[in-house]
Each structure stands twice: as structure tokens, then as C-alpha cells.
Amino acid sequence: MDEVVFGRPAAEAVVEQLDRLGAQRAFLMVSGTLNRETDEIERIRDVLGRRCAGIFDAMPAHTPRAAVIAATEQARAAKADLIVTIGGGSITDGAKAVQLCLANDVTTSDGIDAIRTRGGVSPEMKAPRVRQISVPTTIAGGEFSSIAGVTNEAKRQKEMLRHPLLMPRATILDPELSVHTPDWLFLSTGIRAVDHCVEGICSREAQPYGDAQALRGLSMLAQGLPRVKADGSDLDARMDCQIGTWLSTGPLASGVPMGASHGIGYVLGAEFGVPHGHTSCVMLPAVMRWNKPDNAERQALVAAAMGHPGEDLGDVLDAFIRALGMPRSLMEVRVGPEHFDRIAAQAMKTPWVPRNPRRIEGPAELREILQMAA
């Protein structure tokens, strides 16, 4: 990433980025809600003028393969030289996938098999030539990573795409755009960012560089999210949450893996359509409680950063998430015990479960965690 721009109007910053990069044919991948129900996208299109080569506003949640191919076809036909995303994490991930599809001549859903990561290893492929800038309206943090999650609809599985150049060239943080994001979505994706911090700090592979960013980011999120809950028009609080989210990606960006909360979350999203943020709301406290015998000292750092030194982290997270009005059980997101065997089996195949700080040898341990979150 070249730049992170914050505290500036998005329309102004997008134009400056196109000027900096010399882009003449920007393809916009945007939130359908923002495009149809507000004038925010129209304002950005107006300032881009003839440099707006096309627009795609039909990316569903969880970034299904079919939508990625549809966006790729439009970007290819538009002869795009830059992708500009304005919206949530599914759109951001979708544009990352489009970059790889364009570079590697992927034209069908099945063709994505040639570029997806298997067993944590990315295949040989051509590097993206058409890059991306991102204007996020949620705060899960995908705009700061070189990883994309795409859902294989046929298998109902979340699959990873990874390449160093999937990282956006620039990210533009404009809190005013996020005012249009539904409260539940902004706050729940904030818990996704908290999850990045917590699992990064509590990893058995944690290191000081990632810790420094995640601890500061966690503190900003722990203070900012309740302020947004109390007053959705508080732009300073929203900015703090956006900056905290940027910092939350420090561990992952520096090679620290996530754990079982993320691994189980992949399955809940792809199999059951549970929003990304809600998966963290439901699973993170349970995973911390299950992990505590192996990393109590690391969990103590997290509790202190959230303003509750000496308290049990599972309890701190539970109370924090409840106070934001978010779901706290699998039952609340309509996932029952009859599905636990399948969830556990699928989660074992994700890249994160094998690197959970407390060793998970098989599905039986995952079922224990799921039962704690039931």
C-alpha cells in the first residue's frame, strides 16, 4: 500500500489518487445501497467525469464466485486501468478477486480454482496489473490486507485468494460515508476488527511489532464503538474506529495468524450466511474461554487494553459485545447443534484452525467451542 488518506472527503481524495496513479479508466465497484439510496456515488462519478469507465453495484455478501465473474466481465469490457471500491468488505474482497481474474484470464466460476489458495499455498499465477484503491464503509479491515475471501457457492465454502499485490494501492477513510452504513453492520464489523486484534495478540506466534499496533487499535475500538452506538453522528468516534481498524490488521499483515474464531467464522459465513461481524460477535468470547488454559497471560494484555485489567477476557468480551446490541449465541444467528458436526469438520480445513494458540487436534475440540457458543 502506498498511502492511507484519512480525514478528507472521499470524492476529493479519489480524484487525487487517480491523478497520482495516472489512471484514466476507473471501474467503480460500489455498495448497491449507497448507489441507489444516496447521492454519494453519483457525486464521486461526477467528479471523475469521463475517467469513470463503468460501475458494478451487485456484489452480495460473502463475495460469491458468480458475482466476481460478473464484475470481472464488466471491468474487462470497460478496459479498466484501476478499480475503485466504495463499500463493505465483500466489495473490497470482490475487487481483489477481480484483479486476479483479469490478470490470469479467468472467465468462469470454475476458473477461480486455478488461482485459489490450497493448504495455505498460493498457486503460480500472473500478478495483477489493474490495481485497486479502497474507500471502506464498514470496519472489518479487509482493505488493509492482501487476502480475499470468495465463496464457492457449489461447495458452500469460503476460499482464500492471496497475492502481495492484492493489497490496495491506497485506502481512503472518510467517516462521513460510513454514516449511511446500518448501525448493526458498522458495529458488528467493528467486532470483526476487535477479533483481528484479539486473535493477533493471543496467537502463539505473536510478536512485538504486531502487538504494538493491535493493542493500540484495540484500545481505540473499545472506546470508539460505544460512542458510535450512543451517537451515530459522532464522526470523531467513527474516525477512531476506522483508525483502530487500520491498526487491527498489524498482526495479520506482519505474518501473525488468526485462530479458531476466524476459522469457524469462515464456515458460518459460507454455509449459513452469517454476516462476518456476527460470526466474531458469537464466537470470539467462546474461543478465548476455551483457549485460556494455554494463553492466560496474553489474554490479560487484551483485557487491560480494553480497560478491564485483571478481569476474565471472555467475560469482558461478552459484556462489551452485548452492550453494543450484537448477537451472542449461535442460536441467535439461527445455527443449531444439529449443524455442529459439519461446522467442525469444515473448520478443520480452514487455514486458521490449525494455528489456534491452544492446539486443536480434530473436530471434537471444535465441537466443545461450538457448544460454549450455542
Checklist entry - What angle do you read, to the nearest 10 degrees and between 0 and 90, between the alpha-carbon axis of helix 89-103 and the longest principal axis of the chain? => result 60 degrees
Next on the checklist: Let me understand region 1-98 better: what is its radius of gyration from the alpha carbons, and its Dmax, in angstrom?
Outcome noted: 12.8, 35
Checklist outcome for this item: Classified through the alpha carbon gyration tensor (a ≥ b ≥ c as square roots of its eigenvalues; rounded if a/c is under 1.5, else prolate when a/b is larger than b/c, else oblate), region 101-164 comes out oblate
Checklist entry - In degrees between 0 and 90, to the nearest 10, how far off the longest principal axis of the chain does helix 363-372 point, with axes built from Cα atoms? => result 80 degrees
Checklist entry - For K158, which lysines qualify as cross-link partners when the Cα separation must be under 20 Å and same-chain residues fewer than eight apart are set aside? => result K96, K349
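What number, rounded to the nearest 500 deg cm²/dmol, is the helix-based mean residue ellipticity at 222 nm of the chain, given -39500 (n - 2.57) per DSSP H run of at least four residues and division by all its residues? The partial results should precede the final answer.
Working: 15 runs with 192 residues, N = 374.
Rounded to the nearest 500, it is -16000 deg cm²/dmol.
So what is the accessible area of region 171-241 per residue, in Å², with the probe set to 1.4 Å?
On the way: 2530 Å² over 71 residues.
Ligands and nucleic acids excluded, the figure is 36 Å² per residue.
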Checklist entry - GNM on the chain, C-alpha springs below 10 Å: top fluctuator among V47, V130, V68? => result V47
Checklist entry - How much space per residue, in cubic angstrom, does the convex hull of the C-alpha atoms of region 300-364 take up? => result 122 Å³
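About the Cα centre, and with charges only on the beta carbon of Lys, Arg (+1) and Asp, Glu (-1), how big is the dipole of region 107-242? Nearest 20 debye, please. Walk me through the numbers before you get to the answer.
Details: 16 positive and 17 negative charges, 105 e Å.
Charge dipole, region 107-242, about its Cα centre: 500 debye, nearest 20.
Quote the relative contact order of the chain in percent (integer), defining contacts as alpha-carbon pairs under 8 Å separated by 6+ residues.
On the way: 751 pairs, mean separation 54.3, N = 374.
Normalised by residue count, the contact order of the chain is 15 percent.
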Next on the checklist: If you average the C-alpha positions of region 161-180 and of region 225-256 separately, how far apart do those two centres end up, in angstrom?
Outcome noted: 13 Å
Checklist entry - How large is the dipole of the chain about the Cα centre if only Lys and Arg carry +1 and Asp and Glu carry -1, each at its Cβ, rounded to the nearest 20 debye? => result 880 debye
Checklist entry - Semi-axes of the chain's equivalent ellipsoid from the Cα gyration tensor, sqrt of 5 times each eigenvalue, largest first, rounded to whole Å? => result 32, 24, 18
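Note down the magnitude of the dipole of region 52-132 about its Cα centre, charges +1 on Lys and Arg C-beta and -1 on Asp and Glu C-beta and zero elsewhere, to the nearest 20 debye. Before the final figure, lay out each step's value.
Details: 9 positive and 8 negative charges, 37 e Å.
Charge dipole, region 52-132, about its Cα centre: 180 debye, nearest 20.
Test of understanding: given the chain, find the longest segment containing no GluC sites (Glu not before Pro) that are in a DSSP loop and have at most 11 other Cβ atoms within 10 Å. Write down the numbers at each step before the final one.
Working: sites that count: E124, E361.
The longest such stretch corresponds to 125-360.
Mind checking the full-extension length gain between R359 and D2? Use 0.36 nm per residue of separation minus the Cα-Cα distance, one decimal, nm.
124.8 nm
Let me check against my output: what whole-number percent is the relative contact order of region 87-203, with C-alpha pairs under 8 Å and at least 6 apart?
Details: 174 pairs, mean separation 33.6, N = 117.
Relative CO of region 87-203 lands at 29 percent.
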Next on the checklist: Report D for region 108-231 in µm² per second (integer): Stokes-Einstein, Kirkwood Rh on Cα pairs, 20 °C, 1.002 mPa s.
Outcome noted: 128 µm²/s
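The values are calculated or read from the model by the stated rules, or taken from the named source; none is laboratory data. Here the structure is a predicted model, which is why all the values come from computation and not from measurement. Ideal geometry is used to build each Cβ from the backbone, glycine not excepted, and the neighbour counts take in all protein chains shown. Quick note on the areas: whole protein, heavy atoms, side chains included, nothing else; ligands and nucleic acids left out. Shrake-Rupley method; radii C 1.70, N 1.55, O 1.52, S 1.80 Å.
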